[in-house]
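As structure tokens, the structure follows; a few thoughts come after it.
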Amino acid sequence: MQQSLEQIITTAYSLGVIPKGVEPHIKNNLNAKFELRPYQIEAFERFNYYSTQYPNKKKPSQLLFHMATGSGKTLVMAGLILDLYEKGYRNFIFFVHSKSIIEKTRDNFLNSLSSKYLFNDTISFSDRKVNIKEVENFEVVNDEDINIVFTTIQGLHSQLNTPRENSLTYEDFEDKKIVLLSDEAHHINAETKKGKHTKDEVEAIVSWEGTVNRIFNANPDNYLLEFTATADLNHPDISAKYQDKLLFDYPLKQFRIDKYSKEVQVLQADLQPFERALQSVLLSQYRQKVFENNQLHIKPVIMLKSKTINESQEFYNEFVSGINSLTAKQLEKIKADTSNAIMSKVFNYLDKNNITLENLVLELKNDFSEDKCIAVDSKNDSEEKQLVINSLEDENNEYRAVFAVDKLNEGWDVLNLFDIVRLYDTQSTGGTNKGKVGKTTMSEAQLIGRGARYCPFKISDDQPLYKRKYDDDIENDLRICEELYYHSAHNPRYISELNKALQQIGIKAPKTVQKRLVLKDSFKDTDFYKSGVVYVNKRIVNDRKDIHELDQSIREKIYKKKFVTGKASVGILIDGEEAKQLSNDTKIHDLNSFSKPIIRKALNKLPFYRFSNLQRYFPHLNSMSEFINDDKFLNTVKIEFTGNTEQVQNPTNEMKLEATVTALDEISKLIPQGFTEYQGTKLFEKPISIAERFGAENGVKVLNFSIDEDNDNGGIGIGQSETVNQDLYIDLSKEDWYVFNDNYGTSEEKYLVKYVKGAYQSLKEKYEVYLLRNEKHITIYTFDEGLAFQPDFILFLVEKKTTKTLIYQVFIEPKGDDRLSNEDSQTKEKFLLQIANEYKLDVLFKNKEYKLVGMPLYNETNTKTQFNKAFNDIGN
């Protein structure tokens with residue numbers, strides 16, 4: 001079977017054929033508060049490769065980005081607009097099927113005051129400030145601007161097939177390069193999936209897809225970039241259509257596995273709708289208190305979903321009335337009747353913090369009063385309401401409850417939605433006994449998927465902002481802040497079908513298991529546990545105090561500027577003869593031979609060269625004059641002019657300015673390369689008590705594992721004493737050197753533990769041996785970039801029978817075959833191998849000496865020989 005485009009590009013990516021990194025014109029012009037995630041960077045890298053190097057590129061180019069709900073598709077769109085602007089494109093059409101999505105996207109692209117504005121305050125390319133303009137057509141537009149038409153699919157179809165004054169016409173596309181951007185792109189596949197139609201139906205489909213294709217094919221340089229989370233790639237016709245168009249596939253399942261989503265919990269209760277809603281209110285208020293206890297100002301929101309508009313309006317009134325008349329007695333009844341763990345946790349929290357039910361009632365009456373509830377449906381909708389529900393995360397937005405039917409099923413990307421209450425209890429239609437999920441249930445599962453976007457927060461610098469942090473510590477109070485609860489009536493058949501749908505779309509694992517990681521009492525009795533420490537370093541801001549000059553390679557590079565000569569030639573092509581090349585002259589000019597006003601004017605054209613920005617990279621720089629005149633900076637820069645004799649020998653001031661801007665623009669892209677905001681200290685100055693850090697919560701952690709595939713080979717979530725894989729089996733409860741009750745890590749991590757077991761016999765004569773599994777107990781930081789790193793294991797070797805005890809603290813990181821050579825793993829290994837030679841300690845003990853060692857990455861098949869050599873070198 002022929003490989004798909006996505007498979008070909010994935011192979012090229014894994015082999016290192018595709019250049020890594022995001023172009024500066026993308027990174028510098030996007031809003032800096034939206035830190036690019038690894039998969040978004042990969043999307044840009046794939047597109048850059050396809051558009052500039054891929055040998056089988058099709059023209060015009062149609063590409064699909066199939067990316068999970070909540071993965072930041074719109075930010076990728078914004079970055080691609082910037083990239084295509086750099087490649088010469090100026091005119092863009094953004095189209096979707098829904099007007100509400102248009103309003104949201106227009107705000108994200110054009111309103112610089114919006115909290116979700118995607119671009120930098122100033123967008124600049126070389127010496128030009130560039131504006132983003134909304135236009136109705138491309139007849140009279142500024143070719144220096146990014147010109148965008150925002151429209152619905154239906155509106156686009158209507159404008160082009162029934163043209164009106166100032167609207168788009170097909171003639172607009174005849175002599176212009178156009179980029180079409182389609183969000184929720186599965187909606188333009190009406191014709192592709194149409195199947196069998198009557199003659200009249202076929203004639204009626206002069207449809208959206210046909211209109212889009214006519215625009216797309218008007219110019220061979222056009223692009224059609226489609227974005228969706230829900231393309232039906234299993235449908236034979238859709239699969240065939242996108243065989244050579246799918247560029248990037250990042251499904252919801254991978255999004256969840258990578259911890260960018262909330263964990264979905266389905267909470268069914270045999271309660272009336274208001275009591276079920278009240279249960280969600282209690283959960284929401286508890287979650288808000290947990291946020292507040294950790295100095296986080298995040299307001300949780302509830303969606304209450306009805307089947308029809310009338311039912312929604314009726315329940316809105318019932319809810320407002322019910323909250324107004326709420327009593328402590330009602331809450332007492334819920335407390336007495338509750339049988340699920342999460343609601344018990346809510347009431348335990350209230351008791352522990354001396355919050356009476358009477359006081360809680362007062363809180364709820366205020367926080368869920370009518371002025372903090374909003375109803376959104378086709379009868380109760382407005383542009384103002386759309387702005388309200390799309391800004392629920394803003395501090396000045398006080399709404400806590402949203403009442404809806406289907407209005408918010410697509411395009412709603414609020415992150416602080418934590419509870420969805422299903423107020424009806426009808427069975428889905430379309431499901432069968434053969435396991436097929438009904439249409440209604442699948443729609444509800446997709447709504448849950450949209451609500452499961454992670455709400456970013458962190459309580460320490462070493463935590464990732466946009467990822468779940470408590471999968472390995474699910475009893476932590478903050479775990480509730482990483483979960484989305486779907487509240488349903490007690491209906492086992494429906495819940496079974498819903499779980500199946502959630503698994504199909506990838507937002508829920510087929511199986512989850514919880515395991516207790518317990519520190520052994522025998523280890524707690526040791527002197528090492530009681531008095532031992534683990535050394536860690538810190539992350540600090542990279543002050544670049546050791547940088548005193550522009551890198552030598554930048555200063556010595558010869559920058560090139562080619563001028564248009566106006567020369568032309570006429571010739572007759574003869575078989576076997578090559579066409580004659582037009583001759584040009586070249587000459588290298590020293591930048592310091594140009595007048596200072598020319599250099600200063602060129603610098604002023606490029607925002608990068610603001611003095612405050614230059615000082616980020618060169619903290620010892622005293623003035624712009626020094627930057628221009630000093631040999632350590634620009635004074636020795638050279639530019640090669642190419643053109644006719646007069647141009648290169650006697651360039652005008654305008655030509656000197658143009659060449660200087662070109663050279664300085666290239667230099668501005670070279671300076672940030674290798675620049676990092678942070679560093680890890682080489683001084684490991686923080687000795688942390690083993691007992692305090694690993695013995696917290698009595699040395700017990702509850703771990704949560706999502707099992708997506710058959711895992712009987714001893715993989716993640718299965719204890720090393722439980723696995724049926726005899727190559728990995730060890731009863732760790734009987735191994736004194738392993739300090740926890742079991743190892744629930746990956747098969748590669750189990751191989752590492754087995755390796756240590758094999759080495760133990762030779763080690764025990766000289767050392768006390770303790771292998772500690774690091775379940776986010778400690779974090780260290782890479783020296784070069786200050787990246788947070790939590791090695792999977794720390795091995796302590798405590799020398800016996802010496803007057804001054806020598807203790808080796810050994811950091812170990814196993815990696816599976818699929819991750820061994822990726823960039824993240826290579827960065828970690830580089831750091832691990834730096835530790836032994838570069839670490840420093842200043843907290844010393846009178847009768848103890850610590851030595852820190854980092855090991856090569858461990859892989860049973862590929863790196864065991866290197867690991868074994870390094871391991872045997874410890875102590876030699």
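The values are calculated or read from the model by the stated rules, or taken from the named source; none is laboratory data. Since the model is a prediction, treat every value here as computed from it, not as a measurement. No Cβ is skipped: glycine too gets one built from the backbone with ideal geometry, and neighbour counts run over all protein chains shown. The area values use the complete protein model at the heavy-atom level, side chains included, leaving out ligands, DNA and RNA. Shrake-Rupley method; radii C 1.70, N 1.55, O 1.52, S 1.80 Å.
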Sorted by chain and number, the residues with a modelled amide H under 5 Å from that of L806, at a separation of 5 or more or across chains, are E799, E849
Accessible-area order for I474, I730, largest to smallest, probe 1.4 angstrom, reads I474, I730
Length gained, L296-D842, 0.36 nm per residue minus C-alpha separation, equals 193.0 nm
Taking the range 268-411, the equivalent ellipsoid from its C-alpha gyration tensor has semi-axes in Å, biggest first, of 26, 19, 13
From most to least accessible, 1.4 Å probe, no ligand or DNA/RNA atoms counted, H66, H97, H548 line up as H548, H97, H66
Site E86, offset 7 angstrom along Cα→Cβ, radius 15 Å on amide nitrogen, limited to the range 646-673, gives 665-673
Reduced to Cα centres, the span from the range 791-835 to the range 223-247 in Å works out to 44 Å
Log entry: pair-distance distribution for the range 435-521, C-alpha pairs binned every 10 Å from zero, whole % per bin is 14, 37, 31, 14, 3, 0
Expressed in square angstrom to the nearest 10, the accessible area of L841 with a 1.4 Å probe stands at 40 Å²
Rounded to whole Å, √(5λ) for the Cα gyration tensor eigenvalues of the range 602-696, largest first, gives 46, 14, 11
With every protein chain in place, the accessible area of R693 for a 1.4 Å probe, in Å² rounded to the nearest 10, comes to 90 Å²
For the range 694-774, Rg(Cα) over 2.2 N^0.38 Å is 1.14
Extension length gain for N725 and E103 (0.36 nm per residue less Cα distance), in nm, is 218.4 nm
From highest to lowest solvent-accessible area (probe 1.4 Å; ligands, DNA and RNA excluded), K241, K754 read K754, K241
On the accessible surface of the chain, probed at 1.4 Å with all protein chains in place, carbon and sulfur together account for a percent value of 46 percent
Among the range 500-515, those whose backbone N falls under 12 Å of a label point 7 Å along Cα→Cβ from Q463 are none
Taking Lys and Arg as +1 and Asp and Glu as -1, residues besides Y85 with C-beta under 13 Å from its C-beta add up to 0
Scaled by the rule-of-thumb 2.2 N^0.38 Å, the alpha carbon Rg for the range 807-876 gives a ratio of 1.24
The extension gain from I707 to A240, computed as 0.36 nm times the residue separation minus the Cα-Cα distance, is 165.0 nm
Kirkwood Rh for the range 629-671 from C-alpha pairs, in Å, is 11.5 Å
Rounded to the nearest 10 Å², the 1.4 Å probe accessible area of E383 is 120 Å²
Relative contact order in percent for the range 60-187 (Cα pairs under 8 Å, 6+ apart) equals 32 percent
Toy charge model, Lys and Arg Cβ at +1, Asp and Glu Cβ at -1: the chain dipole around Cα centroid in debye, rounded to 20, equals 1500 debye
Distance in Å, no decimals, from the C-alpha centre of the range 1-78 to the one of the range 669-687 is 28 Å
Expressed per residue, the solvent accessible area of the chain in Å² (1.4 Å probe) is about 47 Å²
For the range 618-726, the dipole about the Cα centre with charges only on Cβ (Lys and Arg +1, Asp and Glu -1), to the nearest 20 debye, works out at 500 debye
Note on the chain, DSSP bridge orientation, antiparallel percent to nearest 5 equals 40 percent
Nearest-0.05 FRET efficiency for I257 and V541 at R0 = 25 Å, using Cβ-Cβ distance, is 0.15
The chain, convex hull of Cα, quarter of hull surface, nm² -> 47.1 nm²
Between D351 and S522, the two model label points (7 Å from Cα along the beta-carbon direction) sit apart by a distance in nm of 3.8 nm
Taking only Cα atoms of the range 1-108, the Rg to Rh ratio with Kirkwood Rh works out at 0.96
So, with points 7 Å from each Cα along the Cβ direction, the Q826-Q673 label distance in nm works out to 1.5 nm
